[in-house]
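The values are calculated or read from the model by the stated rules, or taken from the named source; none is laboratory data. This one's a predicted model, so the numbers in the text were calculated from it and none came from an experiment. For neighbour counting, all protein chains shown are included, and Cβ atoms are generated from backbone atoms with ideal geometry for every residue, glycine included. Remember, those area values only see protein heavy atoms, side chains included, never the ligands or the DNA or RNA. Shrake-Rupley method; radii C 1.70, N 1.55, O 1.52, S 1.80 Å.
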Amino acid sequence: MPRSERSPLLLAGLLAGMGAAHFAVPRPFDAIVPRTLPGSPRAWTYASGVAELALAAGVAVPRTRKTAALATAALFVGVFPANVKMAWDWRHRPAPLKAAAVARLPFQVPLVMWARSVADGARTANITEGRS
């Protein structure tokens, strides 16, 4: 994914929007929490919302960008089981909804790559500016 100066802020915006959605409309997120996780789905929904908001702030700030972007890549990998669960749970829904749930699965790869690209860009910027 090409790097741009706006890329980190766009990633931060995506994370902030999704993090806020976990609190504004938690029920859809509760529904995709894998049942194998301990505790209540709502607790996991809120915890992941907090994580996304924290990562959004970290990605937005140049000093913390690299670490936050790498953690974002890990988060995108970590939420993949929830997307698999959603695709499985929606297998009997109408075709457009089922297709949307299945189509989400391969989008995790470019999201992980985007976060890694932001981390690489932050590392490059820090080296250029004399920080490592």
Keeping to region 70-96, report how many residues are in contact (Cβ under 8 Å) with a residue 40 or more places away in the chain, more than 13 Å from A115 (Cα to Cα) and crowded, with 17+ Cβ neighbours inside 10 Å. 4
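Let's see how each residue does on (1) in a helix (DSSP H, G or I); (2) at pLDDT 95 or above; (3) open to solvent by 40 Å² or more (accessible area, probe 1.4 Å):
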{"position": "T36", "(1), (2), (3)": "no, no, yes"}
{"position": "A47", "(1), (2), (3)": "yes, yes, yes"}
{"position": "A56", "(1), (2), (3)": "yes, yes, no"}
{"position": "T64", "(1), (2), (3)": "yes, yes, yes"}
{"position": "A68", "(1), (2), (3)": "yes, yes, no"}
Hey, P41 hits all of (1) open to solvent by less than 40 Å² (accessible area, probe 1.4 Å); (2) free of Cβ contacts under 8 Å to residues at least 40 places away in the same chain; (3) touching a Lys or Arg at 6+ places or on another chain (Cβ under 9 Å) but one; which does it fall short on? (1)
Can you pull out every residue in region 8-25 that is more than 14 Å from A68 (Cα to Cα) and surrounded by 16 or more Cβ atoms within 10 Å (Cβ to Cβ)? M18, G19, H22
Given the criteria among the β-branched types (V, I, T) and within 19 Å of R27 (Cβ to Cβ), does V102 qualify? no
